[in-house]
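Input: a single structure, listed below in structure tokens.
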Amino acid sequence: MNNASDHNSVQPPKTDLRKHLGVTFLAIAITGFFALIAVKAKPLDPIRRAVSEFSFTDIYYEIQKETSSADTSRVITIVDITEQQTRAEMAQTLLDIEACRPTVVGVDVCFEGERGDIGGNDSLIHVAETYDNIVFAMKFYDWKNEERGWTTAVHSFFYDVLPITEGASNMPRALYDNMKRKVSLAERYEGQNYPSFARQIINKYAGEDVLGDRTDEVNINFSPTCFRVLRPEEVKQHPELIEGQIVLYGAMYEGSDMHWTPHGRMAGVNIWAYALQSIIDRNEVYNVPFVLLCVISLLVIFLVEVLQSGYLGRTQASKSVFVKYIVGSTYFLTVLTFLFTSVFLGISYIVFKQFYISFNLAWALTVITFLGTSRSMYTALKNYVLALREQHETGYIHRFFNFVVRKIKEGKEACGPRCKRMQQRIKHNKEK
């Protein structure tokens, strides 16, 4: 008899599916509540911006930097013109580049207006007129709406007199996200789609329109890559780095053209290099669709909740004092949860490494941190509901008891089937 009693005392509680589901959705609700506060409260704008700028791919890129050496691009070379001041110097550098026979030259400079450098202007016109493998950058401004798009275009000054190839150098950016992660294949201008800088370079490099009808955005793969960078005076010394290559011509260290990326501050021309490499290698990043991501995140949260509850149930039911109070402590549970979620992180990294598919588990991990609070709140709410139910039943019993007494005093038959059932409930409650 004692053995049976001991066995029952250490038996873990049975799995309660409703409890696990309740704790899971309660944790999601708590996370959503705090997220709503962060979005609506103005003083929390820095937190909102920090969260919006985070992507799980940032972790993947850091892992790659720590575990492997960066690849060197075999098709893209950058010519840095940060120190060049005049258009005559820039034109001469373009002539030096063309002398090395590149496949295509992407000029990440918009020569707006003629200015006062007449000789330099004439030299640029000569270059643009002589070589048809150059793609010049241009910019759109003054966004109207999705239907009309941009309403103002800024071109190089010789755009109207020469049949040059241009591409829009605008980069997508989210409302609260300053990070450059995407590149457009087309921009909307006065109701028409206008090819982007990256699209024009790729088409000239391939000799055909390899992107077809695509007008969407490409998620840039920022896997660590080294792009060979030459100064203008080094171009003639290394023709082997120019011949047959995509040459990007732009400033690598100009403050006004520096942008935040997963690798920190980066020059715009370097971002274009990463974007072109992603398209050429066909390794652009694909995000898991929102609905599928929600399902996966929910399953991960639910699984962690089941494992946490099972762990706490077994440790609390243990006869060992050490296991019950030390191993079953919040500290040990947090460590084990971290190790377990690290497994999911490892799996998602392997998937990204092999297929360039990004699982953004940030929200799932955030919800997991609230599971302990959610579990306590669930227990409190459950006890509150049971107390209300017991209070209601007790009041009902007292009212019916008074009704029975009154009927007996009146000399009437009060104990029908309903009365007998209530008497049994009264007797059962007294025994409890």
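The values are calculated or read from the model by the stated rules, or taken from the named source; none is laboratory data. This is a predicted model, so every value here is computed, not measured. Positions of Cβ are backbone-derived with ideal geometry, glycine not excepted, and every protein chain shown enters the neighbour counts. Areas reflect the complete protein model, heavy atoms only, side chains present, ligands, DNA and RNA absent. Shrake-Rupley method; radii C 1.70, N 1.55, O 1.52, S 1.80 Å.
The figures follow:
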item: Sole residue being farther than 29 Å from S223 by Cβ and surrounded by fewer than 16 Cβ atoms within 10 Å (Cβ to Cβ), chosen from T330, T337, T315; result: T330
item: Filter result for R406 (over 30 Å from F340 (Cα atoms), surrounded by fewer than 12 Cβ atoms within 10 Å (Cβ to Cβ) and modelled with pLDDT under 65); result: no
item: Residues located in segment 256-273, provided they are among the charged types (D, E, K, R) and surrounded by 17 or more Cβ atoms within 10 Å (Cβ to Cβ); result: D257
item: Meets criteria (hydroxyl-bearing (S, T, Y), touching a residue at least 40 places away in the same chain (Cβ under 8 Å) and open to solvent by less than 70 Å² (accessible area, probe 1.4 Å)) for Y253; result: no
item: Selected residue (only one of Q11, Q84 is of a type outside the set (A, V, I, L, M, F, W, C) and at pLDDT below 90); result: Q11
item: Enumerated strands (runs of 3 or more DSSP E) restricted to segment 229-338, each holding at least 3 residues that are at pLDDT 95 or above; result: 246-250
item: Which listed residue, of I37, I28, is in a helix (DSSP H, G or I), closer than 25 Å to W363 by Cβ, open to solvent by 20 Å² or more (accessible area, probe 1.4 Å) and modelled with pLDDT of 90 or more; result: I28
item: Criterion violated by K353 - all others in (1) closer than 21 Å to K19 by Cβ; (2) modelled with pLDDT of 90 or more; (3) open to solvent by 60 Å² or more (accessible area, probe 1.4 Å); (4) basic (K, R) satisfied; result: (1)
item: Residue in segment 233-250 that is at positive phi, open to solvent by 20 Å² or more (accessible area, probe 1.4 Å) and touching a Lys or Arg at 6+ places or on another chain (Cβ under 9 Å) present; result: yes
item: Selected residue (criterion: least open to solvent (accessible area, probe 1.4 Å)) from residues of segment 62-87 that are within 30 Å of D122 (Cα to Cα) and of a type outside the set (A, V, I, L, M, F, W, C); result: T77
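Okay, residues lined up against (1) open to solvent by 60 Å² or more (accessible area, probe 1.4 Å); (2) under 25 Å from Y60 (Cβ atoms):
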position: K139; (1), (2): yes, no
position: N170; (1), (2): no, no
position: V183; (1), (2): no, yes
position: A186; (1), (2): no, no
position: G191; (1), (2): no, no
position: D209; (1), (2): yes, no
position: T215; (1), (2): yes, no
position: C226; (1), (2): yes, yes
